[in-house]
Amino acid sequence: MEVCGTHTMAIGKAGIRKVLPPGLELISGPGCPVCVTADADIDTFIEFAKDRQVVLATYGDMMHVPGSNGSLAELKAQGADVRVVYSVLDALDFARAETNREVIFLGVGFETTAPSTAYAVKIARRGGLKNFSIYNLHKTIPEALRALLDDTATKIDGFILPGHVSIIIGEKPYNFIAAEYGIAGAIAGFEPPQVMAGILKLVRDINKGRPTISNLYQKVVCPEGNIHAQRLLDEVFIRTDAEWRGLGIIPGSGFRLKDEYKCFDAAVKFKIERKAVNSSKSCRCGEILKGLIKPNECPLFKKSCTPERPVGPCMVSSEGTCAAYYLYSSF
Amino acid sequence: MAERIQLAHGSGGKLTADLIREVFYPSLGGVEKFANDSAVINLPACRIALTIDSFVINPIFFPGGNIGKLAFCGTVNDLAAAGAIPIALSASFILEEGLDISKLRLIVKSMGEISQKTGITVVAGDTKVVDKGSVDKLFITTAGIGIIPGGINYHPQNIQPGDHIIVSGTIGDHGYCLTALRAGIEIKSSIKSDCQPLHELVAHLKPLGCAVHAARDATRGGVGMVLNEWSRQSGRGIVVYEKDLPIKDQVKGGCAMLGLEPIYLANEGKMVFAVDQRKSAEALSLIKTHKMGRNAAVIGEVVDTKAQVVMETEWGTKRFLTAPHGEILPRVC
């Protein structure tokens, strides 16, 4: 299983599936932040954006995720102030420039983007910013991998581990995969030869019967990760349980702002109730995220669910498994 | 304090007349020459190409050009894509109340400069002013007419299996440059918009006559969109060779970082041609003799399959190159 959405896209773009020998199958995991965002969270941040005093700043691919009643893009067309940013620091700039508006940043992403959110919150506190808050949906990868391995329905022989996340967390957090579950893992880069090298390493490990966690992306991934970023995360956040679309609640897989930073938590500040949502019954994103079925086994795929009119988040994000299959796989 | 556009500048009274005389006439003399409700041009009996395009770009100034130059070149290139020799343009300006007049001057001046350089005159114009907030600074619409020389007929329906697909230079420069600017990312790079008029480059292919089957400037949606449209319109398949795509290293690297694909990014000075394969080498060398075509390359060919665009990747695998979906949005990790 390639865990990371960027790997999913790289594999699709380079057509790697088509050159693998029989018996070797790549399944796409839950490593696209958009895809694993729970429906209840989507509805909640859309609720935030309806407030005309609010500027909602978000990374681009959250714009089209459909909630129970429309997406951020649709809301923007109705006049809501939703702005796409490349960096949380842009959201801080909005807050400084428009002190009469509340700027809410949508903290989406894994360990890769969580440190920059932590940094922004720290800066906001230091600068005494009163009109900046985050809706925190950051999640952690190793806990999700454990949940997948604990699920008896999944059949995973090895993991291609996410390059970007590993830059932050390093190698150690993956050791349990080999030690406790006897499954191989390889941290790999995103160029097609790097992905192929990851696959080869897994196959060799599996054939030898000696699963290890190997780092094939040493150019950028240090064994200990980015200590500075890890310290930032520890300083601002504490671990909490988080709901993943399709995977349910995963213990310890989320971040919560520490008490001293609570005033920057949009959920606390605005007391918007997060309501449970029944996901569309026919959308099978959940099983796709676990690698139990392929996108084309979902009854909605390419029919009522397309990149133009996505039903589930896996079709929205350009890194989503369904979008990757839609774009690249039918060859 | 900066001189600013007021609603009265659009009232049709003295301020309007002053604005036209002081800002537009000095750069766009053709409008003054024809100062009448319509410009009247004598043309020989021939086939005429007519086109119109609106420019609503943000930011209005960017490395390599501004909205004025873009509005001029965009319409010239639309005419060129029909194989036409551009004759004259008209331009309509919708100005936002409060617009800094010195900026407007710069924009109109750059249109004047390119008009002088190309010899293509703006013969008719219009100005309106709308309330602050009703437009973003200014919108420009340009329309143009051109004459299509005998023996030229560029149309996607002429596309045949075996045709070679040629692109006139590096792709994605304009889109990359603007996306990086919009994102507020301070990327130290020498990439500028490729905004330039391509009518002369296209005219270089005139000796090949009907061997050039189709031409299109790869603006919104980039080369990927052009090829998908051609495939649909001609009912033929198109194969693209990834390794042959001319893309600047900086654009390639920057796009990887921003989560974009150069093949879908807008160009404002690149033409895509479908050429009879027997004349393809000649076409390529003719394009390369023009200074705007030095990096031209054959990037693919038309095949006798159903209408689909397939990319042969650098790794020897194949995938579909679909039409871009909606607005291009960056990814999160």
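On the given criteria, is B:G119 at positive phi and within 14 Å of another protein chain (Cβ to nearest Cβ)?
So B:G119 does not fit the description; no.
Within segment B:254-280, restricting attention to residues that are in a helix (DSSP H, G or I) and under 15 Å from B:A215 (Cβ atoms), the residue that is nearest to the other protein chains (Cβ to nearest Cβ) is B:S280. Only one entry of A:K281, A:K258 meets the criterion of being away from chain B (no Cβ under 14 Å) and modelled with pLDDT of 90 or more, and that entry is A:K258.
If I ask for residues that are among the aliphatic types (A, V, I, L, M) and part of a loop (DSSP other than H, G, I, E, B), which ones from segment A:20-69 would you list?
A:L20, A:L24, A:L26, A:I27, A:V34, A:V36, A:A38, A:M63, A:V65 - these are the residues of segment A:20-69 that are among the aliphatic types (A, V, I, L, M) and part of a loop (DSSP other than H, G, I, E, B).
Assess whether A:A179 counts as being away from chain B (no Cβ under 14 Å), aliphatic (A, V, I, L, M) and more than 22 Å from A:P33 (Cβ to Cβ). So A:A179 fits the description; yes. Quick test of your reading of the structure: A:D61 fulfils all but one of (1) out of contact with any Lys or Arg (no Cβ under 6 Å at 6 or more places or on another chain); (2) farther than 20 Å from A:A267 by Cβ; (3) within 11 Å of chain B (Cβ to nearest Cβ). Name the failing condition by number. So A:D61 meets the others, but not (1). Looking at segment B:140-248, the helices (runs of 4 or more DSSP H) lying wholly inside it that each contain 3 or more residues that are within 14 Å of chain A (Cβ to nearest Cβ) and touching a residue at least 60 places away in the same chain (Cβ under 8 Å) sit at B:173-182. The single condition from (1) in contact with a helix residue (DSSP H, G or I) (Cβ under 7 Å, 6 or more places away or on another chain); (2) of a type in the set (S, T, N, Q); (3) surrounded by 16 or more Cβ atoms within 10 Å (Cβ to Cβ); (4) over 24 Å from A:G320 (Cα atoms) that B:T313 fails is (4). A:E308 meets all of the listed conditions (1) more than 14 Å from chain B (Cβ to nearest Cβ); (2) more than 18 Å from A:M9 (Cβ to Cβ); (3) free of Cβ contacts under 8 Å to residues at least 60 places away in the same chain but one, namely (1). Of all residues in segment A:12-27 being within 10 Å of chain B (Cβ to nearest Cβ) and either on the phi > 0 side of the Ramachandran plot or touching a residue at least 60 places away in the same chain (Cβ under 8 Å) (or both), which is surrounded by the fewest Cβ atoms within 10 Å (Cβ to Cβ)? In this case the residue turns out to be A:K18.
Among what's in segment A:64-109 and is among the small types (G, A, S) and away from chain B (no Cβ under 13 Å), pick the residue that is nearest to A:T140 (Cα to Cα).
Filtering segment A:64-109 for residues that are among the small types (G, A, S) and away from chain B (no Cβ under 13 Å), the one nearest to A:T140 (Cα to Cα) comes out as A:G67.
Every residue, every condition in (1) within 8 Å of another protein chain (Cβ to nearest Cβ); (2) buried (at least 20 other Cβ atoms within 10 Å of the Cβ); (3) in contact with an Asp or Glu (Cβ under 6 Å, 6 or more places away or on another chain), yes or no:
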| site | (1), (2), (3) |
| --- | --- |
| B:E282 | no, no, no |
| B:K291 | no, no, no |
| B:A296 | no, yes, no |
| B:I299 | no, yes, yes |
| B:V302 | no, yes, yes |
| B:K306 | no, no, no |
| B:V309 | no, yes, no |
| B:F320 | yes, no, no |
| B:P324 | no, no, no |
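Within segment A:178-190, residues that are among the hydroxyl-bearing types (S, T, Y) have Cβ atoms under 7 Å from residues that are surrounded by fewer than 23 Cβ atoms within 10 Å (Cβ to Cβ) and part of a helix (DSSP H, G or I) in these pairs: A:Y181/A:L149, counting only partners at least 6 apart in sequence or on another chain.
The values are calculated or read from the model by the stated rules, or taken from the named source; none is laboratory data. Remember, predicted model here, so these are calculated numbers, not experimental data. FYI the Cβ positions are ideal-geometry reconstructions off the backbone, even for glycines, and counts take in every protein chain you see.
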